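Laboratory data are not the source of any read-out in this text; all were calculated from the coordinates shown. What you see is a predicted model, and the numbers here were worked out from it, not measured in a lab.
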Amino acid sequence: MRCSRLNVVELYAGTARSSQPFRSWKRCSIALLVDNDRLANKTYLHNFPGSPYLKHDIGRLTAHRIRTLAGGRVDILLGCPPCQGFSDTGTRDPEDPRNSHLARFGYLAETLEPLAVAMENVPLAAATPQFWAFVARMERAGYAWTAGIINAALYGSVQCRQRLVYIALRRDVRAEPRLPPPSHGGYRRYFSYRDRSMKILYGDRPAMLGEAPAPQRIRRMLPWDDDAVGRRNIPYLEEVLDGLPRIGSPAANSLCHRPWAHTRQQLQRMGAVPEGDRWHGGHDHYASSYGRLHRHGLARTITRYFANPGSGRFWHPTENRALTLREAARIQGFPDSFIFLPPNSWAADLVGNALDNSIVTVTYGSIRAALE
């Protein structure tokens, strides 16, 4: 089935990363973005004035109103329902009320009847009853689907961010949803944080790409499970961070490229940590925290807490500070032209909660290939 114009709607939009690549497809119109986060709404509208961005609680938004606001039809529905209740860094509470948003998204998808649906979440969501209830609902509604756990680094990102990606197509589209094989990997050597030496990815993929056992097991439960590694080189961290203006300059300040207010203890603790290593002075924290990145390594998943060295491997490779807001945004794939509004602590939430641009590209490419 072919529509001359495709209306794109993104729910739980945040900074609307999922819908961003659809702006470049001339057949598409960003018809509606919805999120109840005031700062996300304000930030996006600052960057894209006049966009149809509705600040609203999706739990109280009817399908009829979504369709009306989108111009009478929803052709492509995108969404990243809250993941905190499923995440291994969150509560992992099956009774977390935020988990109900997955069912809510399924209800809206079923009612709106778009040609294509894409949903992203944390890998552990695929092991929950909520996800499989969502899948069953979409199958009953007449959708063919596929899903897999995507490692962003294997699609060109500098960070080893893993996400569950689900894509469904309405039966009358007459195409099978597909996820592309990895494009990146190569034979370049990267710094191994476990062995503190330069290695190729093939030598120790789980450790090099930060692939924990649980997501690896869950990956085998899903229709798409590709162990391949692409041929193109994943960028080094230094290549992604290169070219930023000197901290303290007006140009750096305009990009939100400024250091955080670290405590004296944090600076003393991390100042003595060699590049690629971590602080070993205590046992009251996770093994992956208080870590310094390596210029020739990959970044671990950027979270909303990247300003705090105790929350992960977020310390700059050579300078005595955590990643700045702009550096974290670059790792996530935000262009420097995207402006973040103060306060920086709130903007850090937007960056950490955003979808990596390489995963966005996978979703966009899959849907476009099916609907062209």
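Quick notes on this structure:
- Tail beyond 21 Å, pair distance distribution of the range 184-296 (Cα, percent): 56
- Around the amide H of A322, modelled in the peptide plane, lie the amide H atoms of W260, H316, all under 5 Å away and 5 or more residues distant in sequence or on another chain.
- When the alpha carbon coordinates of the chain are projected onto the principal axes, the ranges are 59, 44, 40 Å, largest first.
- The range 135-248: Rg to Rh, with Rh as the Kirkwood radius over Cα pairs: 1.09
- Bridging of K42 to lysines at a Cα separation below 28 Å is possible for K26, K55, once same-chain residues fewer than 8 apart are set aside.
- Each semi-axis of the equivalent ellipsoid for the range 100-183 is √(5λ) with λ an eigenvalue of the Cα gyration tensor; in descending order they amount to 23, 16, 9 Å.
- Integer Hz, Karplus 6.51/-1.76/1.60 couplings in order for the range 256-273, x for Gly and Pro: 6, 9, 9, x, 7, 8, 7, 6, 4, 4, 4, 5, 5, 5, 7, x, 8, 7
- Calculated SAXS-style log₁₀ I(q)/I(0) at q = 0.17, 0.20, 0.21 Å⁻¹ - the range 273-352, Debye, Cα scatterers: -0.64, -0.85, -0.92
- The range 1-46: mean projected area of Cα convex hull, nm²: 3.5
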